[in-house]
Amino acid sequence: MLYLSTRGHPDRKRFCEILLEGLAPDGGLYMPEHYPQVSDATLARWREVYLQQGYADLAFEILSLYIDDIPADDLRALCRKTYTAEVFGTGEIVPVRHLDDPSARSGLEPVLIEALSNGPTLAFKDMAMQLLGNLFEYELARRGETLNILGATSGDTGSAAEYAMRGKQGVRVFMTSPNGRMSPFQQAQMFSLMDENIHNIAIDGVFDDCQDIVKAVSNDLEFKRQYRIGTVNSINWARLLAQVVYYFAGYIQATQTNSQKVSFAVPSGNFGNVCAGHVARMMGLPIAKLVVATNENDVLDEFFRTGVYRVRGSADTFETSSPSMDISKASNFERFVFDLLGRDAARVADLFGPQLAKAGRFDLSGDAHFADAASRYGFVSGKSTHADRLATIRTTWEQHGMVIDTHTADGLKVALEHREPGVPMIVLETALPIKFAATIEEAIGRQPERPAKFNGIEALPKRVQVMPADVAQVKALIARVCA
């Protein structure tokens, strides 16, 4: 399997090369040259693998289609090392829970919640990040090299990356986050880590400022090579690939035969989580709809409704109660547009380069390909507000005895708008409710449960540096630490 850039760079690379690289040299995102096709017989075999052998072996089956430069026995061992009950708290890894919905009697299938938040940091990002940490350590040891990871987080990516990389040989993490814009629990998870290889940088700005810094450093090829800069954000194909696995696992749990279809509703800001669903669907997983759920920062919902992709500035990015989606530049969206436009790399390079830089938007509403977003690729969308998520959290608690976090509530609210007869709707859980305790208490009048290991985390000492949104200052910090 070879990988190419969405913006047309002529190089073709293998998996372990792009694992450590992040962005392509032309600023594009890496994509596989083709999507492996999963036959009915293969899907039936994977169903048995998952049900009889477990999630780790299913992960190996899927990942091995894209990773052919790690020996099969080593890749299988890495998957089994990652996806254990000890790490994820349950042997099922991603159990699916049914919501007992009375409307099922009207012909609509019940809604299901796929639990993706059983990992060390209580968020779905652990599903990919734990594997990424093991892949990095393996490949760096094989090469005898080191890597400096530069990342950006709006909440959950940072803690998942730091918990996956802490203590790993050959790896340092420099994680940027928007100063004061994460929940107290999210901040404490990251800033309380004292490991020598973990460096937290709070940027005075919004998440998009952090993301812009990461991209600017990644596009400085000389600096990137000198300091061996890599990334764990979902612009890294390896992370997105790991997320493809739980779409197959969710499908298998929700169906009895391969003749059935399901839909997935995905809370989405950066388009990485739902892009993994797009990849699964392109491989042949029987997905009817991919439902994109946004919060008040509705850049993606606007595109799927109108064909206009319009980024917002810092002043126009709302601070919401589902803060991990407070994003107005969806990095992974370029991957989908690449497929949507028939893999026309020159056009993608223009749209995401000069057009966005000049106008802050592009318009595909008049393009013949735009209709394919729904008809061919299954995408629909919707938006959820603070009032919506409060109501959804409250209703889910009162009717089903289940407490869900704010982002999952956004996904559930929009999922209910796109149900159809005969097709189960799976909502991807984003995080455990304790990460957003203030909003949960506002919704149901009580604090959510807190895992014992996180008692008192907000009161722990913190190690973090506050900086302006200045690429040069972030580079200088990296250079000092690496000196």
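Return yes or no: is A479 under 20 Å from S177 (Cα atoms), out of contact with any strand residue (DSSP E or B) (no Cβ under 6 Å at 6 or more places or on another chain), exposed (fewer than 15 other Cβ atoms within 10 Å of the Cβ) and hydrophobic (A, V, I, L, M, F, W, C)?
In short, yes.
When you check E86 against the structure, is it assigned to a helix (DSSP H, G or I) and within 25 Å of D57 (Cβ to Cβ), yes or no?
Taking the combined requirement at face value, the residue satisfies it.
Results for (1) in contact (Cβ under 8 Å) with a residue 12 or more places away in the chain; (2) in contact with a helix residue (DSSP H, G or I) (Cβ under 6 Å, 6 or more places away or on another chain); (3) more than 22 Å from F136 (Cβ to Cβ); (4) assigned to a helix (DSSP H, G or I), shown as yes or no for each residue.
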| site | (1), (2), (3), (4) |
| --- | --- |
| V38 | yes, yes, yes, no |
| A56 | yes, yes, no, yes |
| L65 | yes, no, no, no |
| D73 | no, no, no, yes |
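Counting only residues that are over 14 Å from G89 (Cβ atoms), surrounded by fewer than 23 Cβ atoms within 10 Å (Cβ to Cβ) and touching a strand residue (DSSP E or B) at 6+ places or on another chain (Cβ under 9 Å), how many does the stretch 115-138 have?
1
Does the stretch 171-181 contain any residue that is at positive phi and out of contact with any Ser or Thr (no Cβ under 8 Å at 6 or more places or on another chain)?
yes
Can you tell me which residues in the stretch 307-336 are buried (at least 23 other Cβ atoms within 10 Å of the Cβ) and either out of contact with any helix residue (DSSP H, G or I) (no Cβ under 9 Å at 6 or more places or on another chain) or of a type in the set (A, V, I, L, M) (or both)?
If the condition is that a residue be buried (at least 23 other Cβ atoms within 10 Å of the Cβ) and either out of contact with any helix residue (DSSP H, G or I) (no Cβ under 9 Å at 6 or more places or on another chain) or of a type in the set (A, V, I, L, M) (or both), then M325, I327, A330 are the ones that fit.
Looking for something under 22 Å from L132 (Cα atoms), more than 18 Å from the chain's Cα centre (by Cα), modelled with pLDDT under 95 and crowded, with 23+ Cβ neighbours inside 10 Å - is there at least one such residue anywhere in the stretch 227-237?
Yes, the conditions are met somewhere in the stretch 227-237.
Got a sec? Which helices (runs of 4 or more DSSP H) wholly within the stretch 375-483 have at least 1 residues that are at pLDDT 95 or above and more than 30 Å from M282 (Cα to Cα)?
386-400, 437-444, 471-482
The values are calculated or read from the model by the stated rules, or taken from the named source; none is laboratory data. What you see is a predicted model; the values in this text were computed from it and never measured. Methodologically, a virtual Cβ is constructed for each residue, glycine included, from the backbone with ideal geometry; neighbour enumeration extends over all protein chains shown.
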